[in-house]
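Accompanying notes for the structure given below.
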Amino acid sequence: AVRDQHFLARREELLEGLEAAALIGVGRADVAEIDDINILQATMLAMARAVEALPVRPDLALVDGNREPDLSCPARCVVRGDAISLSIAAASIAAKVARDRIMAGLAGDFPGYGWERNAGYGTPEHQAALERLGVTPQHRHSYAPIRRLLEPQDMGV
């Protein structure tokens, strides 16, 4: 999950071309929503928000995967869609660039976790930072490794 700068720059380049050729809507769910409704439902919510963010309502949304979100337009699921559909591949690039930008911002707000390199995945660097620096408001409390860090420690008394 560790990403190099060349790869990130290439995604940004690709997004510039996409923005010149397509309408793009980005949706997201915040940490509290993910903790409240779970990661799958938060992903579905983010997809619905992405459709709502489009300046024009699509006739059909292609969804990468096998679960159809509740959208304001018809949808068709395509398993491994980013390998089959240029539209889904383009949406994947847009979503990843949006995520990368958010992670770069978090890296500035909460240095030491390596978010600009690992996108928050539980890399050894990120795990060590959690032990050293603690949990931030941007960590999902429902995620088991974070939950364990937040549990009161048994002092053997």
Compute the Rg/Rh shape ratio of the stretch 1-52: radius of gyration over Kirkwood radius, all on alpha-carbon atoms.
1.10
Gained length - residue 14 relative to residue 37, 0.36 nm times residue gap less alpha-carbon distance:
5.0 nm
Interchain or sequence-distant (5+) residues whose placed amide H lies within less than 5 Å of the amide H of residue 61 are 75, 76
Which of 79, 26, 63 moves most in a GNM of the chain, Cα contacts under 10 Å?
79
Where N is the number of residues in the stretch 70-113, Cα Rg divided by 2.2 N^0.38 Å:
1.61
Per residue solvent-accessible surface (Å²) - the stretch 1-83, probe of 1.4 Å
67 Å²
Over its alpha-carbon atoms, the chain yields an Rg and a Dmax in Å of 17.8, 65
Just the number, please: carbon plus sulfur as a percent of the accessible area of the chain, 1.4 Å probe, no ligands or DNA/RNA counted.
55 percent
When a/c reaches 1.5 or more, the comparison of a/b and b/c decides; with that in mind, is the stretch 12-88 rounded, prolate or oblate per its Cα gyration tensor?
prolate
Per DSSP H run of n ≥ 4, the term is -39500 (n - 2.57); total these for the chain, divide by its residue number, and report the mean residue ellipticity at 222 nm rounded to 500 deg cm²/dmol.
-17000 deg cm²/dmol
Which angle between 0 and 90 degrees, to the nearest 10, do you get for helix 5-21 versus the longest principal axis of the chain when only C-alpha atoms count?
30 degrees
Gaussian network model of the chain, Cα within-10 Å springs - most flexible of 65, 27, 114
65
Tell me the angle of helix 86-109 to the major Cα principal axis of the chain, expressed in degrees between 0 and 90 and rounded to the nearest ten.
30 degrees
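The values are calculated or read from the model by the stated rules, or taken from the named source; none is laboratory data. These numbers come from a predicted model, not from an experiment. SASA here: full protein model, heavy atoms, side chains in, ligands and nucleic acids out. Shrake-Rupley method; radii C 1.70, N 1.55, O 1.52, S 1.80 Å.
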